[in-house]
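In what follows, a structure is listed as structure tokens, so that the remarks can point back to it.
The values are calculated or read from the model by the stated rules, or taken from the named source; none is laboratory data. These numbers were taken from a predicted model, which means no experiment stands behind them. Neighbour counts are summed over all protein chains in view; Cβ atoms, including those assigned to glycine, are modelled from backbone coordinates with ideal geometry.
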Amino acid sequence: MIRILSFALLIFGTSPVLFAQSWDLRKDEDGIKVYTKVNDGHPFDSFKAEMKINLTVPEITKFLKHMDEHPEAFPDTKEIRILERPNDSTQIQYALTDAPWPVSDRDGIYKLVFQYNKKTGQLVTKAKALPTYLPEIEDVVRIALSDTYWIATPIDEKSIKLEYIVHADPGGNIPEWLANTAAVDVPFDTFINIRKALAP
């Protein structure tokens with residue numbers, strides 16, 4: 001059942017609320033730390049994952065700009081498709097995730113914005129859900145709310161600190177306990193998959 005949250009917790013956007021409160025460490029394993037925090041007035045926890053990885057900022061930038069070439073990195077994702085690249089720092093993409101019967105699959109359209117700080121070498125990738133960008137598909141729940149950052153900060157010439165911060169609402173009828181369990185498992189599995197794909 002955790003699969004139903006995989007997609008909703010892998011979507012992109014921005015919100016100051018993600019940085020406004022303290023985080024609780026929920027998992028510290030294999031060089032990956034996962035934190036969560038309760039959001040006042042909202043049933044679903046936000047999460048933050050972080051790890052050191054032997055990649056450069058240009059390498060992780062390439063990965064984030066071409067996630068359609070690495071759908072296996074994102075748990076239970078059936079499809080990632082780039083819809084539009086209006087410029088080198090912006091893209092719009094579609095993603096579809098598989099959900100266990102009898103729960104409906106989820107999909108979403110997202111605008112990603114890549115911001116590179118030439119002085120510090122840091123990359124911040126943020127995005128926003130665009131739920132009306134394409135017509136909805138029958139029997140598929142469209143993701144309407146997502147807030148996320150991917151932050152890559154150089155440690156040295158060969159490694160970075162990677163942070164992945166998300167607040168999302170998967171929509172539909174999903175138990176809070178299930179969503180909040182996935183808030184730990186999904187980011188951890190995503191980081192494991194990224195490490196396998198890019199820095200084995």
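Tabulated values for the structure
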| item | result |
| --- | --- |
| Per-region count, region 67-110, residues in contact (Cβ under 8 Å) with a residue 24 or more places away in the chain and touching a Ser or Thr at 6+ places or on another chain (Cβ under 8 Å) | 15 |
| Top-ranked residue of region 113-142 - restricted to ones that are closer than 18 Å to residue 187 by Cα and among the hydrophobic types (A, V, I, L, M, F, W, C), ranked as surrounded by the fewest Cβ atoms within 10 Å (Cβ to Cβ) | 124 |
| Given (1) under 25 Å from residue 58 (Cα atoms); (2) surrounded by 22 or more Cβ atoms within 10 Å (Cβ to Cβ); (3) among the charged types (D, E, K, R), index of the condition residue 106 fails | (1) |
| Counted residues, region 23-46 - those being in a strand (DSSP E or B) and either within 21 Å of residue 113 (Cβ to Cβ) or of a type in the set (Asp, Glu) (or both) | 4 |
| Only one of 4, 53, 32, 60 that is at pLDDT below 85 and of a type in the set (A, V, I, L, M) | 4 |
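Okay, residues lined up against (1) closer than 24 Å to residue 106 by Cβ; (2) modelled with pLDDT of 85 or more; (3) touching a Pro at 6+ places or on another chain (Cβ under 9 Å):
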| residue | (1), (2), (3) |
| --- | --- |
| 125 | yes, yes, no |
| 132 | yes, yes, no |
| 141 | yes, yes, yes |
| 151 | no, yes, no |
| 158 | no, yes, no |
| 183 | yes, no, no |
| 197 | yes, yes, no |
